[in-house]
1. Can you give me the relative contact order of the range 186-330 as a percent, contacts being Cα pairs under 8 Å and 6 or more apart?
2. Rounded to whole Å, give me the distance from the Cα center of the range 44-60 to that of the range 293-358.
3. Tell me, what does the Kirkwood hydrodynamic radius of the range 270-365 come to in angstroms if you use every pair of distinct C-alpha atoms?
4. Stretch residue 39-residue 297 to full length: gain in nm at 0.36 nm per residue minus the Cα-Cα span?
5. Which order results if 36, 324 are arranged by neighbouring Cβ count within 10 Å, fewest first?
6. Mind listing the Cα extents of the range 173-227 along all three principal axes, in Å, largest one first?
7. Under the 0.36 nm per residue contour assumption, what length would be gained going from the current alpha-carbon distance of residue 186 and residue 14 to full extension?
8. Return the FRET efficiency for the residue pair residue 22, residue 365: r is the Cβ-Cβ distance, R0 is 22 Å, and the value is rounded to the nearest 0.05.
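Where a number appears in this text, it was derived from the coordinates with a stated rule and is not lab data. Given the structure is predicted, the values throughout are model-derived calculations rather than measurements. In this analysis, Cβ positions are derived from the backbone assuming ideal geometry, glycine residues included, and neighbour counts consider all displayed protein chains.
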């Protein structure tokens, strides 16, 4: 469900500026929640190279293929009606954001849908015919399947195999490789190789690097800083129209992905809070945003690379079913609340503590 917002009541910060208000102006007090976030920093090393290799050590052949950067400490921002009403930590430090990148990738797909470059129900093989979607199974996969992570795409991309990404806890390499494939759309599996297939497919459609599309169509119009970067892998370079382009990663568990500061994450969240409109200009249509936050049949907690909290399968019981959020390794979150006009960004919070943190926030609303 999308909420109708009064655009005149929403403040949109210009580049390099951001007005702040006291939380008390809205009768809020987030002192306890902020202290909780500071006290519950992500427990693994700030050396993300170590944290990544440890976190994904069960994946066969796992290796770092893209850049990695040492992270900062806990940081966050809470927006109300676009105004900063609370913040903590270094909100200008550029850090990896891991699978929050998926929601940025989804935004480029929404742009493609808006401009009729693609249609969600279309088979991707009709757009990408270089062998990536060959075979009886892969040929059935639609853009919607890739966005909802229920494609069960099978293959190898950038020297990474789909079956080796987050494999089952039981079995072995032989059983993982020879598994039975699920009909596209019927089975949800969080899988970065398949997410990278989506990024590669969109690159073939736009015929321009996705960071360039994101910058010109979204990040510049919302006044984002010049410090964010979106990386792929050392081996994810391709030639399109005679030009070398890097296909970016939709996450960071092999390195790469989105490197961004907390304030730019908050701006991105504010755009989605306001149904894709920024200061009266529609950057992404409310129609496709509504589509993006619909529960998928294979996982009602997941839309187009945004996590959901629907009533029938609520993960966060005390938080409303109307919120949606981006989530990444190490405790990176963008929570969007269109009902209360709130955006909550928290970084390097122990992931198991996010519900406790949000309960402390919403207890004061």
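1. Numbers: 181 pairs, mean separation 24.7, N = 145.
It rounds to 17 percent for the range 186-330.
2. 24
3. Working: mean 1/r = 0.0717 Å⁻¹.
Result for the range 270-365 stands at 14.0 Å.
4. Details: separation 258, 0.36 × 258 = 92.88 nm, distance 3.76 nm.
So the extension gain works out to 89.1 nm.
5. Working: 36 19, 324 25.
In increasing order of surrounding Cβ atoms, one gets 36, 324.
6. Principal-axis extents of the range 173-227 (Cα, largest first): 48, 22, 21 Å.
7. Details: separation 172, 0.36 × 172 = 61.92 nm, distance 4.31 nm.
57.6 nm is the gain from fully extending residue 186 to residue 14.
8. Numbers: r = 15 Å, r/R0 = 0.69.
The value I calculate is 0.90.
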